[in-house]
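Rule-based calculations on the coordinates, nothing more; no lab input. These figures come from a predicted structure and were not determined experimentally. FYI the Cβ positions are ideal-geometry reconstructions off the backbone, even for glycines, and counts take in every protein chain you see.
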């Protein structure tokens, strides 16, 4: 049968396998034989017997089947192993493919991110380059603007210099014209005096001739009477007429006398201001009075003191402080309150004719504020001297002159006499008074008064509160003082007047101012008495200080 044949074939293969398998062999059979070795008898017989027993054994079929089962089991196991290995390999390949795909995606994402970062960095660099270019353009434009501004400022300075030179030439020409006119008038007056003197001489000669003729006639009449004794004699004596001349006081004496009178008036005004301030404070400041103006009076005084202290070399800050001072004074002027007759507080201007007494009234609150402004102005002048802050003094004087010259006037009269009264009290030398009545005033205060006086007088305004001629008059008065009458005060005041204001003085008066400056700083210190030598040295070094300035001032 097919099965048997198959089985026999399988059995044959199994038998051959088993017979050929090293496991099936006994150790005795596996002994290696060498040529010449002797075999034990019966060996081949036992082998053949065993082979025949196996072939003829009844378990042969079972053994073969078992071996088949084992083979199939091995084959199935191997197939399963191969299938599992193949599936695992496929799974691994799929995982590797997925990992490769994921890696590819990650790499592409990283590449995209890198490109994005590169693009961002490129944009950042481009933006930075654009900003740098814009900054460079702005810097170029700024430099061009500064260059144009400097060129414009240079052009303005040149125009200003040209204008000042033309103005100086005009003033020199005007002064020359005035001098020529004065000389012409003097010559005309001299000619008129000469003609008058000549006429007087002719008249005197005529009178003398008439006198001589009368005397001759008298002598002739006497001789005739002697010849005729009975004849009466009437002698008429002629009386010579003399013209009385009015004595005039020298100009210098007249000036000093007038200055003393004006100085006395300002001292009275200063006392009047103190009395008014004291009475006003007693009426409105004490708590028991419960005056509605108490807060306004105190606030305005503190505000003026604070704002005056804010005037510095910073023009914007100074302008803001002046504006706030004006606002405070405007508030005082508009606040209802008591009034006062303002006429006793005016010295330098004639009082206009008034329709009634009501026109002479002035707001007492505003007058109190102006007096507070004057007091704080003087204090600021003195406070800036130790700090060499004469530029600040100039701004303070400019602010005070501006406030008092344009606003808060009465009938067009500025209230600048309030400031002048305090300056008359502290430094009378500025007004032609050589003596020093108040010994409590220090040299610093006198120097501050002189610097403030110069800052308020050297202003080329249409209607200045203190004319420029007052500055010339003060400097000339000190320069014309006799050497034996010079004191340290003269040189301290002169230094305050000239140190920071010589350029303006020269700008207004030209070569005449230079002559005055040479007189004040070179000639006058040489003739100073021993007690004033130290103060005179402060004035004698001023030409060196001016020569080092920009632009230099050379005498």
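Using the beta-carbon distance between residue 159 and residue 291 and R0 = 60 Å, what value does 1/(1 + (r/R0)^6) give for FRET efficiency, to the nearest 0.05?
Numbers: r = 56 Å, r/R0 = 0.94.
Taking R0 as 60 Å, the efficiency between residue 159 and residue 291 is 0.60.
Arranged from highest to lowest average of other beta-carbon atoms within 10 Å per residue, in what order do the peptides 418-431, 315-328 appear? Write down the numbers at each step before the final one.
Details: 418-431: 22.9, 315-328: 15.4.
Those peptides, ordered most packed to least, come out 418-431, 315-328.
Thinking of the stretch 351-398 as a set of Cα atoms, what percent of all their pairs are more than 13 Å apart?
The calculated P(r) of the stretch 351-398 puts 67 percent of pairs beyond 13 Å.
Fewest to most neighbouring Cβ within 10 Å: what's the order for 112, 519? Kindly include the intermediate steps, with their values, before the conclusion.
On the way: 112 10, 519 16.
Fewest-to-most ranking of 112, 519: 112, 519.
Under 1.5 on a/c is rounded, so check that first for the stretch 258-323, then, if it is not, pick prolate when a/b is larger than b/c and oblate when it is not; a ≥ b ≥ c are the square roots of the alpha carbon gyration tensor eigenvalues. Mind showing how you got there, number by number?
Details: a/c = 4.32, a/b = 1.07, b/c = 4.03.
Oblate is the answer for the stretch 258-323, as a/c is 1.5 or above yet b/c matches or exceeds a/b.
Starting with the fewest neighbours, write out 479, 372 ranked by other beta-carbon atoms found within 10 Å of each beta-carbon.
Numbers: 479 17, 372 22.
Going from least to most buried by this count: 479, 372.
Under a crude label model (7 Å from the Cα following the beta-carbon direction), how far is residue 534 from residue 549 in nanometres?
It works out to 2.7 nm between the two label points.
For the peptides 465-471, 87-93, what is the packing order when you average, over each peptide's residues, the other Cβ atoms within 10 Å and list the highest mean first?
Values: 465-471: 18.9, 87-93: 10.3.
With the highest mean Cβ count within 10 Å placed first, the list reads 465-471, 87-93.
Give the shape of the stretch 427-554 as rounded, prolate or oblate, defined through the alpha-carbon gyration tensor: a ≥ b ≥ c are the square roots of its eigenvalues, a/c under 1.5 means rounded, and otherwise the shape is prolate if a/b is larger than b/c and oblate if not.
Because a/c hits 1.5 or more and a/b fails to exceed b/c, the stretch 427-554 counts as oblate.
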